[in-house]
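The values are calculated or read from the model by the stated rules, or taken from the named source; none is laboratory data. Being a predicted model, the structure only gives us computed values, none of them experimental. In this analysis, Cβ positions are derived from the backbone assuming ideal geometry, glycine residues included, and neighbour counts consider all displayed protein chains.
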Amino acid sequence: MIDMEQGTIIKIISNQYTIDSCIGEVVAIPRGKLRKEDSPVVGDVVFFEKIDDAYRIHSILPRKNRLLRPAISNVDQALIVTSVKDPDYSCHLLNRLIFLVSLAHVKPVIVVTKMDLVDNKEEFEKEFDSYVQAGYEVFYSYPGHNDEQLKEHIDGKISVLCGQSGAGKSSLLNRLDPEFKLQTQEISKALGRGKHTTRHCQLHKVCNGWVADTPGFSSLDFTRLDTSHLDSLILDFQPFLNQCRFKDCIHVNEPDCAIKEAVHAKKINASIYQDYKQIKEEKK
């Protein structure tokens, strides 16, 4: 495209779209046609141009995924922040977040916090090893822990955070990148406490990657989601798919089900299967 620049939307406040690009950060507004159709969201890669003294967003490049809440696109991974204490660890909450992230076509990454607060570390490590064996990536992070591997994992990616309130999402980001605390304080001042903001979503630069500051998924309700292909998204199940007697097996009540046999043989994390089965039964 002639005289077009390309960049990523990193912040939206009302109708002001901040774009990170090779010419630096610019603030643009979308063309009228875009506003009427599919409005740009944070994470969108866009073409923009300068007309007179203002920047206009011309078009949005195809998205690889899009989350509704937070409204963000092209997400590489969801960091599922899971504390082992205060609040206590829940494998069922973790499993459901893994399912929800996977259904949104986003890669789940488990980040375990507050291991410094428990005495039975070995029990928790054994628990999380079952997720590692299935193919999920698990990182530990707490004060004094070496976070280099996790920092490398954030580098160059767009990440969102999700997890139970109090699991330590903000503390995690402040540990990984002290600059993050300064950024969030500035945003609080800019928005003002108690003031209504029409739209505000932002990506922060953390460890040379981008992290959404509107973390988490607002609901764990699966009843409105299409879970017909959930079995194919669960890493524990993948070695045993297409081995059931029936092609349309949903792995709940059918006979000769390879998934159920693998659970019985302790080759699949029992809690993962339990939560999968419960979701399938809720859908009925």
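What number of residues within region 52-61 are part of a loop (DSSP other than H, G, I, E, B) and either touching a helix residue (DSSP H, G or I) at 6+ places or on another chain (Cβ under 8 Å) or more than 20 Å from A212 (Cβ to Cβ) (or both)?
Keep residues of region 52-61 that are part of a loop (DSSP other than H, G, I, E, B), which gives 52-53, 61.
Imposing the further condition that a residue be either touching a helix residue (DSSP H, G or I) at 6+ places or on another chain (Cβ under 8 Å) or more than 20 Å from A212 (Cβ to Cβ) (or both) reduces the set to 52-53.
Residues flagged as part of a loop (DSSP other than H, G, I, E, B) and either touching a helix residue (DSSP H, G or I) at 6+ places or on another chain (Cβ under 8 Å) or more than 20 Å from A212 (Cβ to Cβ) (or both) within region 52-61 amount to 2.
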Query - Residues of region 200-225 classified as modelled with pLDDT under 90 and surrounded by fewer than 17 Cβ atoms within 10 Å (Cβ to Cβ), total - result: 8
**Report entry** From the options P108, P87, P70, residue that is in a strand (DSSP E or B) and closer than 30 Å to Q164 by Cβ
**Finding:** P108
Query - Matching residues, region 125-152, being touching a strand residue (DSSP E or B) at 6+ places or on another chain (Cβ under 7 Å) and either assigned to a helix (DSSP H, G or I) or of a type in the set (A, V, I, L, M) (or both) - result: F128, Y131, V132, V138, Q149, L150
Requested in this report: Scan region 81-107 for residues that are without any contact (Cβ under 8 Å) to a residue 40 or more places away in the chain, under 14 Å from the mean Cα position of the chain (by Cα) and surrounded by fewer than 23 Cβ atoms within 10 Å (Cβ to Cβ) and jot them down.
Outcome: A104, K107
Query - Boolean, K11 is surrounded by fewer than 19 Cβ atoms within 10 Å (Cβ to Cβ) and basic (K, R) - result: no
Report summary line: Filtering region 63-77 down to residues that are charged (D, E, K, R) and within 16 Å of S102 (Cβ to Cβ) yields K64, R66, D76
Report summary line: Of the residues in region 150-174, those that are surrounded by fewer than 20 Cβ atoms within 10 Å (Cβ to Cβ) and either over 28 Å from K64 (Cβ atoms) or charged (D, E, K, R) (or both) come to K151, E152, D155, K157, S165, G166, S171, N174
Report task. Of all residues in region 224-262, count the ones that are more than 14 Å from K280 (Cβ to Cβ) and part of a helix (DSSP H, G or I). Result -> 6
Requested in this report: For region 7-18, indicate whether the set of residues that are modelled with pLDDT under 95 and part of a loop (DSSP other than H, G, I, E, B) is non-empty.
Outcome: yes
Requested in this report: May I ask you to list the residues in region 240-270 that are within 15 Å of Y131 (Cβ to Cβ) and either surrounded by fewer than 20 Cβ atoms within 10 Å (Cβ to Cβ) or among the hydrophobic types (A, V, I, L, M, F, W, C) (or both)?
Outcome: K266, K267, I268, A270
Query raised in the report: Are any residues in region 263-273 within 23 Å of Y89 (Cα to Cα), more than 23 Å from the chain's Cα centre (by Cα) and part of a helix (DSSP H, G or I), and if so, which ones?
Result: V263, A270
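It is to be established whether one or more residues within region 25-35 are surrounded by 13 or more Cβ atoms within 10 Å (Cβ to Cβ) and under 23 Å from the mean Cα position of the chain (by Cα).
So far as region 25-35 goes, no, none of its residues is surrounded by 13 or more Cβ atoms within 10 Å (Cβ to Cβ) and under 23 Å from the mean Cα position of the chain (by Cα).
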Requested in this report: Looking only at region 34-51, decide whether some residue is in contact with a Lys or Arg (Cβ under 8 Å, 6 or more places away or on another chain), assigned to a strand (DSSP E or B) and either among the aromatic types (F, W, Y) or in the same structural domain as S165 (by TED's automatic domain parsing) (or both).
Outcome: yes
Report task. Within region 128-144, track down each residue that is surrounded by 18 or more Cβ atoms within 10 Å (Cβ to Cβ) and among the polar types (S, T, N, Q). Result -> S130, S141
Report summary line: Picking from D119, D177, D147, the residue that is more than 30 Å from K280 (Cα to Cα) and surrounded by fewer than 18 Cβ atoms within 10 Å (Cβ to Cβ) would be D119
Query raised in the report: Does I187 fit the bill of being β-branched (V, I, T) and at pLDDT 75 or above?
Result: no
